[in-house]
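**Student:** Below is a structure I'd like to ask you about.
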Amino acid sequence: MSPTPSCNCFPGATVWLTGLPSAGKSTIAQATAALLRQRGRRSEVLDGDEMRRTLSLELGYSPRDRQRNVERIGRVAEVLSRNGITALVPVIAPYARVRDLVRSWHEKSDTAFLEIHVAAPVEVCAERDVKGLYARHEAGEISGLTGVDAPYEKPIAPDLRIRSHTEPVERSAAAVLKLLIERGLA
Ligand SMILES: Nc1ncnc2c1ncn2[C@@H]1O[C@H](COP(=O)(O)OP(=O)(O)O)[C@@H](O)[C@H]1O
Ligand SMILES: [Mg+2]
C-alpha cells in the first residue's frame, strides 16, 4: 500500500484589507506579513499600488476598470490561498458587490476569505494623505477620489473592523494574526 500523502501545514487564506486611501491597509498588511514570517508561514502581499503598476497597468479608475482591477487581484489571491499561501490584499475594493464576487470564488474552492475593514474615517485619511491624493483633489487636480467624490461601500459585516485611527499598527497587525489563529489559519 502506498503511503497516504500528508501535510501538517495550515490552509491558505485570502485576507482582504479594504478601506479608504491612507487608512492603513498597506502598513497593516506588511506588519501582518512580518508576524506570519516569524511563525514560519508563507504569505504574499498583493498591494493595490503595485498591482496597478503591473497586473492592471492599462486600467484606469472608471467603475468598470475598478471592478476589473479587483477581479484580477481576487483571481490571483484565490489561486495563491487555495495553494496554501496567506494572501494579504491591501486594496481599496470600493464596491461591496465585487468583494462578494471574489468571496464567492473562494467559496467554490473551499478557501478562506476574510474581509477586514480598515476603518479610519475620511478626515483622518485626508490628514495622513500618504500619497498626496487628498491634497491634489482639494487643488482640483484630480477627481473621482474614493470616499470623497467616488463611492466607497463600507463592509456591513466584515470579519474584523480595525480602528486604524485610534490604535498603533502593531495592535492592528496583532488583531489580524489573532483572527487567523482563531480560524485555524495560522
Ligand atoms: N493602526 C494603524 N494602522 C495602519 N497605519 C497606521 C496606523 N496608525 C497610523 N498609521 C499610519 O497611517 C498611514 C497609512 O498609510 P498606508 O498604509 O499606505 O495606507 P493605505 O495603504 O490604506 O493607503 C501610514 O503612514 C501609517 O504609519
Ligand atoms: Mg496602500
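Read-outs throughout are calculated quantities, based only on the coordinates presented, and are distinct from any laboratory measurement. All values derive from a computational prediction rather than experimental measurement. Every residue, glycine as well, gets a Cβ built from its backbone with ideal geometry; the counts of neighbours run over all protein chains shown.
**Student:** What single numbered condition from (1) under 25 Å from Ala186 (Cα atoms); (2) of a type in the set (Asp, Glu); (3) surrounded by fewer than 19 Cβ atoms within 10 Å (Cβ to Cβ); (4) in contact with a helix residue (DSSP H, G or I) (Cβ under 8 Å, 6 or more places away or on another chain) fails to hold for Asp110?
**Tutor:** (4)
**Student:** Quick one: in segment 95-151, which of the residues that are of a type in the set (Asp, Glu) and under 11 Å from Ala23 (Cα atoms) is nearest to the chain's Cα centre (by Cα)?
**Tutor:** The residue in question is Asp129.
**Student:** Can you tell me which residue is nearest to the chain's Cα centre (by Cα) among those in segment 12-34 that are within 12 Å of ligand 1 (Cβ to nearest atom) and either among the acidic types (Asp, Glu) or in a loop (DSSP other than H, G, I, E, B) (or both)?
**Tutor:** Applying the filter and picking the extreme gives Gly19.
**Student:** Considering each of Arg64, Arg52 in turn, give the residue that is within 12 Å of ligand 2 (Cβ to nearest atom), under 23 Å from Ser143 (Cα atoms) and either in a helix (DSSP H, G or I) or in contact (Cβ under 8 Å) with a residue 60 or more places away in the chain (or both).
**Tutor:** Arg52
**Student:** Based on what the data block shows, is Arg82 in contact (Cβ under 8 Å) with a residue 60 or more places away in the chain, over 24 Å from Gly60 (Cβ atoms), charged (D, E, K, R) and surrounded by fewer than 22 Cβ atoms within 10 Å (Cβ to Cβ)?
**Tutor:** Yes; evaluated as a whole, the condition is true for this residue.
**Student:** Moving to a separate point now. Report whether or not Arg37 is over 12 Å from the mean Cα position of the chain (by Cα), loosely packed, with under 15 Cβ neighbours inside 10 Å and within 13 Å of ligand 2 (Cβ to nearest atom).
**Tutor:** The answer is no for Arg37.
**Student:** Suppose we filter segment 116-144 for residues that are of a type outside the set (Phe, Trp, Tyr) and either assigned to a helix (DSSP H, G or I) or away from ligand 1 (no atom under 12 Å from the Cβ) (or both); how many remain? I'd like the intermediate steps shown before the answer.
**Tutor:** Step one: filter segment 116-144 for residues of a type outside the set (Phe, Trp, Tyr), giving 116-133, 135-144.
Now restrict to residues that are either assigned to a helix (DSSP H, G or I) or away from ligand 1 (no atom under 12 Å from the Cβ) (or both): 121-128, 133, 135-144.
Qualifying residue count, segment 116-144: 19.
**Student:** Now for a separate question. Is there any pair linking a residue in segment 24-42 that is closer than 13 Å to Glu170 by Cα to one that is more than 16 Å from ligand 2 (Cβ to nearest atom) and in a helix (DSSP H, G or I), with Cβ under 7 Å and at least six apart or on different chains, and which?
**Tutor:** From segment 24-42, the pairs are Ala31/Glu170; Thr32/Leu177; Leu35/Leu177.
**Student:** Give me a count of the residues in segment 50-60 that are within 16 Å of ligand 1 (Cβ to nearest atom) and surrounded by fewer than 12 Cβ atoms within 10 Å (Cβ to Cβ).
**Tutor:** 1
**Student:** Within segment 161-176, track down each residue that is surrounded by fewer than 19 Cβ atoms within 10 Å (Cβ to Cβ) and either under 14 Å from the mean Cα position of the chain (by Cα) or not in a helix (DSSP H, G or I) (or both).
**Tutor:** Listed by number, the residues that qualify are Arg161, Arg163, His165, Thr166, Glu167, Pro168.
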